[in-house]
Amino acid sequence: MAEIVALLSAGCHPETGRLRPAAGDAAALALGLALCASGHRLIGLHAGPADDALRVYAGFAAFDLVRLDLPAEADALPAILPWLAERHPALVLAGARAEQGAGTGLLPYALAQAMGAACIPEVAGVEELAERVTLVQALPGGRRRRLAAPAPAVLVAAARAAPPSGWAYARALRARTVPVTVQEPAATPAWRSEPARPLARPVRRIRGGAAARMAAATSFTAGKGQLLVQPPPDEAARVILAYLEAEGLLRS
Amino acid sequence: MSARPRRDPHAERARATRVGPAGRARRILGDVAPAAPVRPRRDPHALRTAAVPGPAGRMRLDPHGGELLAHMPSLAAPGAEQPIVVERPACLILAVLDLPGGRLEGSDLGLLAAARDLADRLEGAVLALTLHGRPDLGRLGVDRHIALDLPDRWDPAAALSVLGTVLADHAPAHILFAETPLLGADVARRLAAATGLPAAFAVHRLEPDEIRARGAGLDLVGPPPPIMTLHEVLLADRPEPVLREARPVAVAVRPDAGLIEDLGEVPVDLTGAPLAEADLIVSAGDGVTDWPAFHALAARLNATVGGSRQVCDRGLLPRDRQVGASGTLVAPRAYLAFGISGAPQHLQGIERCQRVVAVNTDLHAKMIERADLAIVADAQAVMPALQTLLEQRRHG
């Protein structure tokens, strides 16, 4: 049976700032645990300084935990790559983005590029894992699409996917991790980081001076559409259908 | 009797009154006849009556006798508007449009507006790349346009190989994407991983010398990197509708096959999907009494079911189906409202809908006013007619 690695990062509660399983990584772990139930071996991999960040994930189920000993702000990719090259996992599962630090969501893509594997985002479920992996991808609007890719592949769990059910504190406490010492990569501080402040509401900028702003503020935009008063039901239906078709919303 | 002759003031006044140069009666005091006026009298109202509409649509006064207006190109020849041509741009800003389903969406327009803004500040030109179609981008602030007709399916490898060719041919200074899942956000990360170029994701402030990108609880601040994806706060803007060249640029590219194989869409029942992420919603209000027809129509369209507060209060739909201020704020591409009059709280909930179709018996309902396609009719008649038409369309 194949080996699956789930990349687990230190989560951070957005309100309290306390340590928790990161939402995206928990969704990725749910994918891994579903495969675990069909006989595959799951390893949770974390690159960071403390065991606590990894132990919160162990509360969901019992599986192997490996921690690469790295400082908190170091880039995880140079440490993860040699470890993965040694293990040759059939699948690498990751969350969409980290809850601490830059949170760019670039790591799975960079990992797939370095491994020469396919990277598939928004994965809602894995159906089959052998020479090829067959999976279901979540599309906007609740739709789903089936994809296939050769193993090994890097899968990014869908942002709205659910975490595994059932978390037990005792199981999290009992968990034992395997620490692995790795060579510390050189730091590359390219960006200055500042605390995030709430963003302004998205607004459309009005160009063309005061007159254009006045016109935009005072003009009445409603009622621009088409109006049919007491049409025969057939005609009303035809108009609605033509409208939906022009918008490309008819799916059948 | 006195020797002093009597004066006749009326006769004196009549003698002294002449017709002046402007045609009005002028009285000359004293014996001196006035010289011809040095300066003609100015009519203060003439300027205003001679005003003509300017290029922005406002009335423009011209105190220089037509001299000023002659220099306004749009007034000189109203029929022939010349596009703005940027011949030698300082740099190129590549905007990679999503075009989901071959259509220009709001995020594409916002991306073009941001690219135009950046190009203007850097004295550069906007190069737009559309992979799945050839929309007309002449009035969307585009100087050069690369249009390809790749098959309309999710194929990140093809997009990546096209981008590689465009980067090699044109060497754009910045490549902009919209932060849209599976589209711009995905391709941008693939490009950053493949080329190793510096990248910033979810940029919410874009200046030529400094950008701010949203990280996890922090902002990353620095100079603009080559690859950027734009946060939705920057995508609400729209480009100025000025005619630009949008010169077609050819690219010779043979997209290579990727590792990922698309096995087609999985049929999913969307009638009970979460309202917040639905892209087609059929919603019922108090005007709906034929509930079997309503649910049959929703199932036939495979649209997500929603309802007003009234129907949820009466238990006709579950509470999680409620649309409005106290329910879910929805943002579908189309919202079909049957028998909803449009309470302010409901209209608040559908503020971000792209298209609204309303069927209601009341011509003066707020919903009819809000709708892009408004039909004043009974929902009970229209719903079965729509169902019949959909069945016909399916079978024949």
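The values are calculated or read from the model by the stated rules, or taken from the named source; none is laboratory data. Nothing here was measured: the structure is a model prediction, and the numbers come from that model. Glycine also receives a Cβ, built like all others from the backbone with ideal geometry; neighbour counts cover every protein chain displayed. Note: accessible area is taken over every heavy atom of the protein model, side chains too, but ligands, DNA and RNA are not part of it. Shrake-Rupley method; radii C 1.70, N 1.55, O 1.52, S 1.80 Å.
In this structure the amide hydrogen of A:Leu68, modeled in the peptide plane, comes within under 5 Å of the amide hydrogens of A:His46, A:Ala47, A:Gly48, A:Val180, none closer than 5 places in sequence on its chain. Springs between Cα atoms under 10 Å define the GNM used for chain B, and in it the highest mean-square fluctuation of B:Pro172, B:Pro83, B:Pro44 occurs at B:Pro44. Label sites at A:Glu131 and B:Asp62, each approximated as a point 7 angstrom past Cα along Cα to Cβ, lie 7.9 nm apart.
Counting only residues 5 or more places away or on other chains, whose amide H sits under 5 Å from the amide H of A:Gly11 once H atoms are built in the peptide plane? For A:Gly11, the qualifying residues are A:Arg20, A:Ala22.
Membrane-span-like helices in chain A, defined purely by DSSP H runs whose alpha carbon atoms cover 18 Å or more axially and whose average Kyte-Doolittle hydropathy reaches 0.5, are A:23-37.
Give me the net charge of B:Val52's neighbourhood, meaning all other residues with Cβ under 12 Å from the Cβ of B:Val52; Lys, Arg count +1, Asp, Glu -1.
Numbers: positive: B:Arg48, B:Arg58, B:Arg60; negative: B:Asp62.
Every neighbour counted, the sum reads +2.
Note on chain A: GNM, Cα springs under 10 Å; of A:Ala124, A:Ala216, A:Ala148, the largest mean-square fluctuation is that of A:Ala216. Dipole check for region B:92-248: with +1 at the C-beta of Lys and Arg, -1 at the C-beta of Asp and Glu, and the Cα centre as origin, the magnitude is about 160 Debye. Comparing B:Ala50, B:Ala200, B:Ala128 in a Gaussian network model of chain B (Cα springs below 10 Å), the most mobile by mean-square fluctuation is B:Ala50.
Once you keep just the Cα pairs under 8 angstrom separated by 6 or more residues, what percentage relative contact order results for chain B? Mind showing how you got there, number by number?
On the way: 718 pairs, mean separation 43.3, N = 396.
Here the relative contact order equals 11 percent.
Over the whole of B:185-196, what's the average partner chain Cβ count within 10 Å per residue? Rounded to a whole number, please.
Values: counts 4, 7, 0, 3, 12, 7, 1, 5, 10, 4, 1, 2.
Mean shielding count: 5.
For the protein assembly as shown, take N as its residue count and report Rg(C-alpha) divided by 2.2 N^0.38 Å. The partial results should precede the final answer.
Working: Rg = 33.8 Å, N = 648, 2.2 N^0.38 = 25.8 Å.
Taking the Cα Rg and dividing by 2.2 N^0.38 Å, one obtains 1.31.
The trypsin sites (Lys or Arg not before Pro) of region A:101-182 that DSSP puts in a loop, and whose beta carbon has at most 13 other beta carbons within 10 Å, are A:Arg176.
Taking every DSSP beta bridge that has both ends in chain B, the antiparallel portion is near 25%. Computed from Cα positions, the angle between helix B:184-195 and the longest principal axis of chain B comes to roughly 70 degrees.
As a calculated quantity, the FRET efficiency between B:Asp320 and A:Leu199 at R0 = 35 Å, using C-beta atoms, amounts to about 0.80. A simple rule links phi to the HN-Hα coupling: the Karplus curve 6.51 cos²θ - 1.76 cosθ + 1.60 with θ = phi - 60°, which for region B:84-95 gives 6, 10, 10, 7, 10, x, 5, 7, 10, 10, 8, 10 Hz, with x for Gly and Pro. Summarising the label geometry, the points placed 7 Å from Cα in the beta-carbon direction at B:Arg254 and B:Arg4 lie 12.1 nm from one another. The angle between the Cα long axis of helix B:379-395 and the main principal axis of chain B comes to about 60°, on a 0 to 90 degree scale.
Rounded to the nearest 100 Å², what is the buried accessible area between A and B, both sides summed, probe 1.4 Å? Let's see the in-between values first.
On the way: alone 16620 and 23830 Å², together 33310 Å².
The A and B chains share an interface burying roughly 7100 Å².
For chain B, the longest principal axis of the alpha carbon atoms and the long axis of helix B:106-122 meet at an angle near 60°. Between region A:166-218 and region A:54-87, the C-alpha centres lie 23 angstrom from each other.
What average count of beta carbons from other chains do you get within 10 Å of the Cβ of residues in B:353-362? Walk me through the intermediate numbers first.
Values: counts 0, 1, 6, 1, 8, 2, 5, 0, 1, 0.
Mean inter-chain Cβ contacts per residue within 10 Å come to 2.
Applied to region B:259-273, the Karplus parametrisation 6.51 cos²θ - 1.76 cosθ + 1.60 on θ = phi - 60° returns per-residue 3J(HN,Hα) values of 7, 8, 10, 8, 9, x, 6, 8, x, 10, 7, 9, 4, x, 5 Hz, with x for Gly and Pro.
Tell me, what % of the accessible area of region B:92-248 is carbon and sulfur with a 1.4 angstrom probe? Don't skip to the end; give the middle numbers.
Numbers: 2720 of 5240 Å².
C and S atoms contribute 52 percent here.
DSSP finds beta bridges in the protein assembly as shown, and of those with both partners inside it, around 35 percent are antiparallel.
The calculated 222 nm mean residue ellipticity attributable to helices in chain A amounts to -8500 deg cm²/dmol, summing -39500 (n - 2.57) over DSSP H runs of n ≥ 4 and dividing by all residues.
Normalised by the number of residues in region A:3-181, the average gap of Cα pairs under 8 Å and 6 or more apart makes the relative contact order 29 percent. Surface composition of region A:3-181: carbon plus sulfur atoms hold 53% of the accessible area, using a 1.4 angstrom probe and ignoring ligands, DNA and RNA. Interface residues of region A:121-142, defined as a loss of at least 10 Å² in heavy-atom accessible area between the chain alone and the complex of all protein chains with a 1.4 Å probe, are A:Pro121, A:Glu122, A:Arg132, A:Gln137, A:Leu139, A:Pro140, A:Gly141, A:Gly142. Beyond 26 Å, what share of the Cα-Cα pairs of region A:3-181 remains, rounded to the nearest whole percent? Roughly 22 percent, rounded to a whole number.
Write down the accessible area per residue of chain A in Å², having rolled a 1.4 Å probe over the full set of protein chains.
Values: 13020 Å² over 252 residues.
Heavy-atom accessible area per residue stands at 52 Å².
Contact residues in region B:312-351 (at least 30 Å² less accessible area with all protein chains than alone, 1.4 Å probe): B:Arg333. Remark on B:Leu137: its backbone amide H falls under 5 Å from none of the residues 5 or more positions apart or on other chains, H modelled at 1.01 Å from N.
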